[in-house]
Amino acid sequence: MTDSTAARFDKASPEIKAHLRKRKRSQFMLKTLGIGAISIAFAMLFLLVGSLISTGYQAFTQTHLVVEARIDPALVDPDNPSDGNFRQLALDIVSNRVIGGADTDNTDRLTDILSNRAQFTLRDIVVANPDLVGETVELKLPVADKYDQLHKGMLDRDTPEENRRLSDREIEIFDQLVEGGYVAKPLNWALLTNADSRFPEVAGLKGAIIGSAYALLVCFLLSFPVGIGAAIYLEEFAPKNRISDLIEININNLAAVPSVVFGLLGLAVFIGWFGMPRSVPFVGGMTLALMTLPTIIIATRAAIKAVPPSIREAALGVGASKQQVVFGHVLPLAMPGILTGTIIGMAQALGETAPLLLIGMNAFITSAPSTPFDSATALPTQIFIWADSPERGFVSRTSAAILVLLTFLIAMNALAIFLRNKFERKW
Amino acid sequence: MTQNATKFSARKVQVFYGDTQAIKDVDVDIEDKTVTAFIGPSGCGKSTFLRCLNRMNDTIDNCRVEGDILLDGEDIYDKRIDPVQLRAKVGMVFQKPNPFPKSIYENVAYGPKIHGMTRSKAELDEVVEKALRRAALWTEVKDRLDTPGTGLSGGQQQRLCIARAVATSPEVLLMDEPCSALDPIATAQVEELIDELRTRYSVVIVTHSMQQAARVSQNTAFFHLGELVEFGETDSIFTNPQDHRTESYITGRIG
Ligand SMILES: Nc1ncnc2c1ncn2[C@@H]1O[C@H](COP(=O)(O)OP(=O)(O)O)[C@@H](O)[C@H]1O
Ligand SMILES: [Mg+2]
């Protein structure tokens, strides 16, 4: 008996050796496949971010004309600055200060150098500080998209003139400006501080960021308490029977419903039946809440389940009521898990596009919303709009906007990871 | 039997988990200021019966208790009895030390707080100190009351759980294998403590160690397959068992 067992486990026997080799080989294969899969995933990610950065980085700067100019009191009344003729002022600044006022033939072309919205930039400066009227100040005004492209080297000078958006003469004038030191390319804060515009050189994400923030706020305020309440009820108080099983299955299914369906639901219920306005973050947030709710319920239930029974027993054992156990012990211990799930749900909601398109949050709106009830876009729908715009300047802005959105998403996920690590299980 | 007053008196107690019966026809009287040990092979229903005494079985969905259990002559399964109030009177200590992931102070203060037993912070401080002293833990932790209870050693944690149970001024302390997760030194400390607790409380302890039952208890109940086979003074159970199953168990023939 002992002899035969010893023989069977003889490490030198050929069968055992072959078996060991096979085992090592399959382990090696598994490892290689795993490393391969991760490498592919990383390569994809690298490609995505790389291409976004290579097209998007140009949008993080914006070509400006930098000139010393006098705010002419003939054009702007210091007592009523907002009604001044800033269009003429902008034109004068370019022609007088830059070209020396000589070349009147070029007046039309000169109006083109500055962005169409430069007059409003100018107006904002003067309205903010009416004392400037009559003074000579240094001004920094955005140039039009095609000159911006030219300055960033994205406009090929070698294409025949008739196929180019700028004539030879226009390029010559702009080159003179560059030589004269009148052109600068500072960081494009307007990308974050301006609202949308038809003109890419002044278009920004402020409206979209605030719209997204309002929508997420509404989404959070609705889905967080309701989701936690539902999860507590299902996990702690609901009787375990057919109906609660059915509810559980339905919630799990709800989490898998495509977001466009929730968009249609939001459109039909909130806008159709309740007659709420279209395109507003409040309705967007409610629609997103429909999607986030199942995610939060599932995360909360999992977190509640993970609280060890010994803690409940301890509390019940000293005479805590069920409600005291839930709110005093179970919820605090489950909170990191709940928050992690909620933040991940919110991050999903932030990137969600389809439902917002359906409720009209892809409208063209040139001012940031000041309440959740003003029309607005959201970050993903703004990307959608810009990607659809023909102007060249929007190509890099679309990539830049995607990078901004990704930054917010990464920040939210990092917060979730931070919370999870900070409140590591203490039992 | 000793001469103390009867605390718990159980008659014809049956416990079912769904359709399976875990306790059959148990009659037992538990005395005040006495340590009563429940012994018996694993799965015989010791914990189940113990949990009937503070209605912890109420928290298990499919558990049903029949028969009468009187505490000081009052039926604890009566509709007018609030199980939450009952558990303040009948404290419980569990197998695995289970302090709350809060400070030592908070652990002990929790019971008095939820039952509204104190009116001021000073009063609460006093209750906490008294409970920790009774659990023989005060000198070890008095300088770090605000550190987490989960940071104590296993034996200290179990004494903290005893302090937590004692803090609500219970009349009975139920202990379900309180030493099975402890090392021998911590076990000895807790056993010594149990002997001291006997001067104030009625203590019921479930144990799988017959030596422990012999060391700490005055009365012993032997359970087998859901039945109470024999109940009497510990000395006579161990030296002169009446039932052959008891004898087999204490001589090591039933595992
Ligand atoms: N929550 C429960 N649900 C169903 N059966 C249980 C439950 N708890 C205990 N039981 C059963 O009841 C019997 C007695 O268990 P228990 O009281 O834990 O025994 P002991 O503490 O003596 O080891 C066992 O057969 C066990 O399987
Ligand atoms: Mg047990």
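Bridging of A:LYS152 to lysines at a Cα separation below 27 Å is possible for A:LYS140, A:LYS185, A:LYS206, once same-chain residues fewer than 8 apart are set aside.
Residues in the stretch A:279-293 carry Karplus couplings, in order, of 6, 9, x, 4, 5, x, x, 5, 5, 5, 4, 4, 7, 6, 3 Hz; the curve used is 6.51 cos²θ - 1.76 cosθ + 1.60 with θ = phi - 60°, and Gly or Pro positions show x. Based on the convex hull around the alpha carbon atoms, the protein assembly as shown presents an average projected area of 50.9 nm². Chains B and A together bury roughly 1600 Å² of accessible surface, counting both sides and using a 1.4 Å probe on protein heavy atoms. The modelled label-to-label distance between A:LYS17 and B:HIS208, using points 7 Å beyond Cα along the C-beta direction, is 4.7 nm.
Only one residue of B:VAL93, B:TRP138, B:LEU173 has its Cα farthest out toward the positive end of the dipole of the stretch B:6-250, where Lys and Arg carry +1 and Asp and Glu -1 on Cβ, and that residue is B:TRP138.
Partners of A:LYS24 within straight-line reach, counting lysines whose Cα lies under 19 Å from its Cα and excluding those fewer than 8 residues away in the same chain: A:LYS11. Less than 5 angstrom separates the built amide H of B:PHE223 from those of B:ILE39, B:GLY40, B:VAL229, all sequence-distant by 5 or more or on a different chain.
Taking 35 Å as R0, compute the FRET efficiency from the Cβ-Cβ separation of A:LYS240 and A:ARG278 and round it to 0.05. Kindly include the intermediate steps, with their values, before the conclusion.
Numbers: r = 43 Å, r/R0 = 1.23.
So the FRET efficiency works out to roughly 0.20.
Provide the per residue accessible area, probe 1.4 Å, for the stretch A:59-188, rounded to a whole number of square angstrom. Write down the numbers at each step before the final one.
Details: 6600 Å² over 130 residues.
Value returned for the stretch A:59-188: 51 Å² of accessible area per residue.
The chymotrypsin sites (Phe, Trp or Tyr not before Pro) found in the stretch A:147-215 that occupy coil by DSSP, while having at most 11 further C-beta atoms within 10 Å, are A:TRP189.
How high is the relative contact order of chain B, given as a whole-number percent (alpha carbon pairs under 8 Å, six or more residues apart)?
Numbers: 506 pairs, mean separation 70.8, N = 255.
Answer for chain B is 28 percent.
Considering the zone a paramagnetic label at B:GLU196 would reach in this model (a point 7 Å from Cα along the Cα-to-Cβ line), which residues of the stretch B:117-157 have amide N under 14 Å from it? Within reach of a label on B:GLU196, which here means backbone N under 14 Å from a point 7 Å along Cα→Cβ, the stretch B:117-157 contributes B:129-142, B:156. Here the Debye sum runs over all C-alpha atoms of the stretch A:59-188 as equal scatterers in vacuum, and log10 of I(q)/I(0) at q = 0.22 Å⁻¹ comes out as -1.33. Please work out, to two decimal places, the log10 of the ratio I(q)/I(0) at q = 0.15, 0.27, 0.28, 0.34 Å⁻¹ from a Debye calculation in which every Cα of the stretch A:28-68 carries one identical scatterer. Rounded to two decimals, the profile gives -0.56, -0.87, -0.89, -1.01.
Once the chain from A:ARG198 to A:GLU138 is taken as fully extended at 0.36 nm per residue, the excess over their C-alpha distance is 18.9 nm. Between A:LEU75 and A:ASP131, the distance separating the two model label sites (each 7 Å from Cα on the Cα→Cβ line) works out to 2.3 nm. Which of the residue pairs B:LYS33/B:LYS142; B:LYS102/B:LYS142; A:LYS240/B:LYS24 have a Cα-Cα distance greater than 21 Å in the structure shown? With Cα atoms farther than 21 Å apart: B:LYS33/B:LYS142; A:LYS240/B:LYS24. Since only A:HIS19, A:VAL261, A:SER375 are under comparison, the one whose Cα sits farthest along the positive direction of the charge dipole of chain A, derived from C-beta charges on Lys, Arg, Asp and Glu, is A:HIS19. Listed values for the stretch B:109-118 are Karplus-derived 3J(HN,Hα) couplings in whole Hz (6.51 cos²θ - 1.76 cosθ + 1.60, θ = phi - 60°), namely 6, 4, x, x, 5, 5, 8, x, 7, 10, and x replaces Gly and Pro.
From the mean inverse distance of alpha carbon pairs (Kirkwood) and the Cα radius of gyration, derive Rg over Rh for the stretch B:6-250. Intermediate results must be reported in sequence, preceding the final value.
Values: Rg = 17.9 Å, Rh = 18.4 Å.
Reported Rg/Rh, Kirkwood definition of Rh: 0.97.
Between the residues A:ILE209, A:ALA195, A:SER223, the greatest Cα displacement towards the positive end of the dipole of the stretch A:150-246, with unit charges on the Cβ of Lys, Arg, Asp and Glu, is found for A:SER223. At a probe radius of 1.4 angstrom, the accessible area of chain B per residue rounds to 44 square angstrom.
What range in chain B is the longest one free of trypsin sites (Lys or Arg not before Pro) that are in a loop by DSSP and have at most 14 other Cβ atoms within 10 angstrom? Intermediate values should be presented prior to the final figure.
Values: sites that count: B:LYS79, B:ARG80, B:ARG119, B:LYS142, B:ARG144, B:ARG253.
The segment B:145-252 is the longest one with no such site.
Sites listed here are chymotrypsin sites (Phe, Trp or Tyr not before Pro) in the stretch B:59-134 whose DSSP assignment is loop and whose Cβ has at most 13 other Cβ atoms within 10 Å, and the list is empty. All other residues with a Cβ under 15 Å from the Cβ of A:PRO380 taken together, and with Lys, Arg as +1 and Asp, Glu as -1, what is their net charge? With Lys, Arg at +1 and Asp, Glu at -1, the neighbours total -2.
Within the same chain, lysines fewer than 8 places from A:LYS322 are excluded, and of the rest, those with a Cα less than 16 Å from its Cα are A:LYS305, B:LYS113. Label zone (A:ALA306, point 7 Å along Cα-to-C-beta; backbone nitrogen cut-off 17 Å) within the stretch A:321-338: A:329-338. For a Förster distance of 41 Å, can you work out the FRET efficiency between the beta-carbons of A:GLU161 and A:ALA184, rounded to the nearest 0.05? That pair, A:GLU161 with A:ALA184, gives E of 0.90.
Cα gyration tensor of the stretch A:206-423, axes a ≥ b ≥ c as square roots of the eigenvalues: rounded (a/c below 1.5), prolate (a/b > b/c) or oblate? Mind dumping the intermediate values first?
Numbers: a/c = 2.73, a/b = 1.91, b/c = 1.43.
Here the stretch A:206-423 falls in the prolate category.
The values are calculated or read from the model by the stated rules, or taken from the named source; none is laboratory data. What you see is a predicted model; the values in this text were computed from it and never measured. Here Cβ is always computed from backbone atoms with ideal geometry, including for glycine, and neighbour counts include all displayed protein chains. These accessible areas exclude ligands, DNA and RNA; they are computed on the full protein's heavy atoms, side chains included. Shrake-Rupley method; radii C 1.70, N 1.55, O 1.52, S 1.80 Å.
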